[in-house]
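Okay, structure first, notes after.
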Amino acid sequence: MAELTPMKRQYYEIKSQYQNCLLFFRLGDFYEMFDEDAKIASKELDLTLTTRDKGKDPEEQTPMCGVPYHSAEAYIARLIQKGYKVAICEQMEDPAQARGLVSREVIRVITPGTVTDSSMLEEGRSNYLCSVFLDYTSGAVAFCDISTGEFCLTSFKKDVPTHIINELARFSPREAVLSPGASKNREICEFLTRRLGCLIEMGEDRFDFMQSAARICEQFSVSSLDEVGLGDSPAGVCAAGGLLSYIKETQKCELAHIRTLDSYSGSRYMELDYTTRRNLELTENLRTGEKRGSLLWVLDKTKTPMGGRLLRSWVERPLLSPVAIKRRLAAVQELVAGNVTRSEIMQHMKEIGDIQRLTGRVVYGTANGRDLLALGNYCAKLPALVDALKGAKSAMLREVAAMDVLEDVSALIFRAICDEPPFSVREGGILRTGYSEEVDRLREIRDNGARMVRELELRERERTGIKKLKVGYNRVFGYYIDVPRSASDQVPDDYIRKQTLVSSERYFTQELKELENTLLTARERIAELEYQRFVHVRESVAKQVERLQATAEAVARLDALCSLAEVAVKNNYCMPEVDLGRAIHIIEGRHPVVELTQKDVLFVPNDTFLNDAEDRVAIVTGPNMAGKSTYMRQTALIVLMAQMGSFVPAKSATIGIVDRVFTRIGASDDLASGQSTFMVEMTEMADIIRHATPASLLILDEIGRGTSTYDGMAIARAVLEYCADKRKLGAKTMFATHYHELSTLEGELPGVRNYSITAKKQGDTLIFLRKIVPGAADDSYGIEVAKLAGLPASVINRAKSHLKKLESDREKAESPAPQPQEGQISLSDVGTDQVIKRLQKANLDTITPIEAMNLLYELKKKVDA
């Protein structure tokens, strides 16, 4: 094998440190990739694969491909989307000034969880990186969105894997760093990869407690773990420290915008499992996975990206404190009442962009002139927001009205950055005229070079008296003074000969040499100076990160509150009463999504009344497609909306705090793990029974339908009895079923109530009235629903005939057995061994009539005796 060149040796040394990344190796104006990296990039990015070793043996040729450095972001984004990691290796010195091989280093590793470039991020959604720590007694999970600086964690001591999975479902991280214990937990690993499509990184030595504690204290500028709420949480310390270790390793810079650690407990937010989030379609619909058709789609009228992200977090994390809920509701109520103020605020919000992520880019040192100018423009809109909030009464709005409007930051940016800065920060044209005297002087030279040369030419003509003297320029000799041969005797002594031509002589002077040097280096010097001044401005803005983040958070909060108020007004929502009671009392409730997606049909509102006394369990019966699932889902959504601080779709609503909402809705096989529909249903039901409390709300739809009728009915009844029994659970439960036999429980079990959804039959046509009324349904109307669904008439008619036969057979089976007439002897009444033995000895095939009569007489005597 041929000896490696110095550049290739340098490449392989760097590549050996980043084996699990695609290495973007800077060569001039391109990022080049070699060997296996080149093959992968060529395939994934549709790039042409080539080689520089065309004359060598094919086995010794090095495959390579590349992308222009100024447009690399788009290519990197595509690789990240496909789950790859990309290490950016930059030239650390100017190649023109380097002696020998240019120094190169990896300045950053970009992964799905560490993306900061706006082109790779979804505006209204946080991009979380997480770490999971798990040992034998406890566990914790930490999350960070490095594009905004958000950092939070929670820890658990009981049923740890289940709680961790629920938190992973809440945040949906794109990348996870796992401790050795977590990486061995199959349940967690499968959930991350199969359910969330999350990239997994093994943590190995990142989770050492002492090192983690030191990282936390250093990052958050604290002297003890108690200051960040981790004094009694070793698992939380390890999770946070492991996450910080990975971030610093990949980002290779100061993380000044990660300033606060939010350590929250289970008593702050409602815990929702993955199944419930999917079934209730909180942030995406079940059918396509899109935002449209979800609760978030209904509620999100935010105007800023950061407001959209905050509102999403409110939907995903309903509150458990009535005080915190009422704070939000009071702010929403004030904005609902103030139509003019709300409209004015929302109009101003349209002109404010993503201050949070721009701040992150400024701190990282990746913001360009356009980013800074945008940040300045957004800050300039803040005073108008504060003016619109004058006179605010609710506590949350008063806090927002007190935000820092960052006038000094916007003033600095506007003073330094021009109105149309270029994309690149190293080519000049960024600074505004007047900001730097030196840059202005060099620009004057660059822009007026021809005039300066002409002025020198005129001065030399006047000094020498040579009327045909000219100052010229070519690339070989640079600037020169051209003098005709006829005037060579008039050339001054300070002229230095440069070139002799047939008809003239060319000279230069010290003044011309200095002017030439100034003109030729002005452009390079301008670019260098502008970059230095720009970096200084960017660093000055980065020092205000604490103020910028606080203001961005205030704007996001105001945007989210305005969105909830706008939806409440537009959709005729009411303000719920939220308390610590156990009752859910909803008058004329509506499904927030269905009422907006229904076309040409008015949504029929319905009441709901549940408590922990005589109305614990509502058994809901009625035809398929009549709206049972919609009715139960709307109850759960109204509860969640109330506890996130939103108005709700109802005439009135009183909501006692619910600690968790569980759903068992729909049926589907889990083919990947080999589980049948019934097994999935029973697994989910077992999980609900294991984790529900008397303060929970259970939404159960057709439990037991995945097996035989009697097995299913038995399981459904047992589940109902368990949920209704205060000694075992006693949770508020809504139970939809087609087992009409279960309706008898209303009189047998305390706390059980029957409800049905009405339908009207006109001939062979079924009309859904969709109104919930007390009492059980009298029929399932299955054949009528099948007809509505479009089954062929021949199938419908055949089904009717089968139904008649099945009902006839059932009536016969259920009819009482004929009773013996008075005085008639039954052999079962005899009950003596002697009679049985006598009958067994009798041969009925050969017995004569006289013998039969004698036998009967003998048996009669025994019975009479």
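The values are calculated or read from the model by the stated rules, or taken from the named source; none is laboratory data. Since the model is a prediction, treat every value here as computed from it, not as a measurement. Quick reminder, even Gly has a Cβ in these numbers, built from the backbone with ideal geometry, and neighbours come from all protein chains shown. Each accessible area value is taken on the protein alone, full model and side chains, heavy atoms only, with ligands, DNA and RNA left out. Shrake-Rupley method; radii C 1.70, N 1.55, O 1.52, S 1.80 Å.
Taking into account only those residues within the range 252-262 that are crowded, with 19+ Cβ neighbours inside 10 Å and in contact with a strand residue (DSSP E or B) (Cβ under 8 Å, 6 or more places away or on another chain), which is nearest to L23 (Cα to Cα)?
Kept after step one, since they are crowded, with 19+ Cβ neighbours inside 10 Å, are these residues of the range 252-262: 257-258, 261.
Now restrict to residues that are in contact with a strand residue (DSSP E or B) (Cβ under 8 Å, 6 or more places away or on another chain): 258, 261.
On the way: I258: 27, L261: 33 Å.
Step by step, filter the range 252-262, then rank; the result is I258.
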| Looking at (1) open to solvent by 60 Å² or more (accessible area, probe 1.4 Å); (2) free of Cβ contacts under 8 Å to residues at least 12 places away in the same chain; (3) more than 50 Å from the chain's Cα centre (by Cα), which is the one condition that is false for N474? | (1)
| field | All positions within the range 219-228 that are surrounded by 14 or more Cβ atoms within 10 Å (Cβ to Cβ) and under 21 Å from I146 (Cα atoms) | value | Q219, F220, V222, V228
| task | Give just the number: which of (1) open to solvent by less than 60 Å² (accessible area, probe 1.4 Å); (2) touching a residue at least 60 places away in the same chain (Cβ under 8 Å); (3) under 29 Å from T48 (Cα atoms); (4) not small (G, A, S) does P63 not satisfy? | result | (2)
| message | Just to be sure before I move on: is G353 crowded, with 23+ Cβ neighbours inside 10 Å, out of contact with any Asp or Glu (no Cβ under 8 Å at 6 or more places or on another chain) and in contact (Cβ under 8 Å) with a residue 12 or more places away in the chain in the structure I sent? | response | no
| message | I'd like to check which helices (runs of 4 or more DSSP H) are fully inside the range 271-325 and have at least 3 residues that are at positive phi, open to solvent by less than 20 Å² (accessible area, probe 1.4 Å) and in contact with a Pro (Cβ under 6 Å, 6 or more places away or on another chain). | response | none
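This table checks each residue for (1) modelled with pLDDT under 95; (2) assigned to a helix (DSSP H, G or I).
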residue	(1), (2)
E553	no, yes
S563	no, yes
N572	no, no
F603	yes, no
F609	no, no
E614	yes, no
I638	no, yes
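Would you point out the residue of the range 684-711, among those that are surrounded by fewer than 15 Cβ atoms within 10 Å (Cβ to Cβ) and over 28 Å from M641 (Cα atoms), that is modelled with the highest pLDDT? Spell out how you get there, then give the answer.
Here is the first cut: in the range 684-711, the ones surrounded by fewer than 15 Cβ atoms within 10 Å (Cβ to Cβ) are 686, 690, 693-694, 708-711.
Next, from what is left, pick out any that are over 28 Å from M641 (Cα atoms): 708-711.
Details: S708: 77, T709: 78, Y710: 84, D711: 88.
Checking each candidate, the answer is D711.
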| field | Of all residues in the range 745-761 being under 24 Å from T630 (Cβ atoms) and either surrounded by fewer than 17 Cβ atoms within 10 Å (Cβ to Cβ) or of a type in the set (D, E) (or both), the one that is modelled with the highest pLDDT | value | E746
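Working carefully through the options Y378, Y364, find the one that is more than 30 Å from D579 (Cβ to Cβ), among the aromatic types (F, W, Y) and at pLDDT 95 or above. Break it down into steps so the answer makes sense when it comes.
Numbers: Y364 fails: at pLDDT 95 or above.
Criteria check complete, one pass: Y378.
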| query | Taking the range 18-53, which residues are open to solvent by 40 Å² or more (accessible area, probe 1.4 Å), under 24 Å from A98 (Cα atoms) and either of a type in the set (D, E) or at pLDDT 95 or above (or both)? | reply | D29
| said: Based on this model, can you work out whether G666 counts as at pLDDT below 85, in contact with a strand residue (DSSP E or B) (Cβ under 8 Å, 6 or more places away or on another chain) and not in a strand (DSSP E or B)? | reply: yes
| Is there a residue in the range 355-364 that is within 23 Å of G149 (Cα to Cα), among the polar types (S, T, N, Q) and assigned to a helix (DSSP H, G or I)? | yes
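Please find, within the range 360-410, the residue that is surrounded by the fewest Cβ atoms within 10 Å (Cβ to Cβ) out of those that are on the phi < 0 side of the Ramachandran plot and in contact with a Cys (Cβ under 9 Å, 6 or more places away or on another chain). Step through it out loud before you land on a result.
To start, the set of residues in the range 360-410 that are on the phi < 0 side of the Ramachandran plot comprises 360-364, 366-390, 392-405, 407-410.
Next, only the ones that are in contact with a Cys (Cβ under 9 Å, 6 or more places away or on another chain) stay: 363-364, 369, 373, 405, 407, 409-410.
Values: V363: 26, Y364: 20, G369: 24, L373: 21, V405: 17, E407: 12, V409: 23, S410: 20.
Ranking the candidates gives E407 first.
I'm checking my understanding of the structure. Among residues of the range 537-596 that are closer than 19 Å to R361 by Cα and of a type in the set (K, R), which one is surrounded by the most Cβ atoms within 10 Å (Cβ to Cβ)? First the steps, then the outcome.
Filtering the range 537-596 down to residues closer than 19 Å to R361 by Cα leaves 537-553, 555-556.
Filter again for of a type in the set (K, R), leaving 538, 543, 547.
Numbers: R538: 23, K543: 13, R547: 15.
Only one residue fits best here, namely R538.
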| task | Just need a number here: residues in the range 574-599 that are under 10 Å from P649 (Cα atoms), in a loop (DSSP other than H, G, I, E, B) and touching a strand residue (DSSP E or B) at 6+ places or on another chain (Cβ under 9 Å). | result | 4
| Those residues of the range 700-736 which are over 21 Å from T630 (Cβ atoms), of a type in the set (G, A, S) and in contact (Cβ under 8 Å) with a residue 40 or more places away in the chain, in sequence order | A724, G730, A731
| request: Considering only the range 762-865, give the helices (runs of 4 or more DSSP H) lying wholly within it that have at least 1 residues that are at pLDDT below 70 and among the β-branched types (V, I, T). | output: 782-789, 827-830, 849-864
| task | Name every residue in the range 388-440 that is in contact (Cβ under 8 Å) with a residue 60 or more places away in the chain, charged (D, E, K, R) and in a loop (DSSP other than H, G, I, E, B), in order of residue number. | result | D404, R426, E427
| Condition met for D205 (open to solvent by 40 Å² or more (accessible area, probe 1.4 Å), touching a residue at least 24 places away in the same chain (Cβ under 8 Å) and over 21 Å from G229 (Cβ atoms)) | no
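Would you point out the residue of the range 67-88, among those that are assigned to a helix (DSSP H, G or I) and of a type in the set (F, W, Y), that is farthest from L49 (Cα to Cα)?
Kept after step one, since they are assigned to a helix (DSSP H, G or I), are these residues of the range 67-88: 69-81.
Filter again for of a type in the set (F, W, Y), leaving 69, 75.
Numbers: Y69: 18, Y75: 15 Å.
Checking each candidate, the answer is Y69.
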